[in-house]
Amino acid sequence: PISTTNCSMTIWAENATTIAGSPIGTADLSSTLLNYPTDVRVGANDSIYVIDYDTYYRLQIFYPGSLSGITIINASFGTDLNQFSSSK
């Protein structure tokens with residue numbers, strides 16, 4: 001059974017495709033897996049942006065129809081302008 005307690009209007013597709021991450025929870029830093037995703041946003045062109053961090057800090061983009069992400073920001077943790085200090 002699928003829980004809809006977070007949103008009563010949730011509709012789940014029975015034939016959905018996992019495009020970011022692993023359906024069994026495998027973590028990795030490859031272009032098809034995520035390590036510790038903390039935020040997900042959908043862009044105007046339906047691209048999916050994922051902030052992923054733990055050992056490494058990166059922003060992945062998944063273009064519509066693609067099963068592989070592209071790292072568009074690869075950084076370290078810190079407070080400089082070229083670093084991640086928070087996922088928000």
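Since every read-out is calculated from the coordinates, none of them should be taken as a lab result. For clarity, every value in this text was computed on a predicted model and none was experimentally measured.
See the values below:
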item: Other-chain or far-sequence residues with amide H under 5 Å of residue 36's (modelled H); result: 53
item: Segment 66-71 - phi-based ³J(HN,Hα) in whole Hz, Karplus 6.51/-1.76/1.60, Gly and Pro as x; result: 8, 9, 10, x, 10, 6
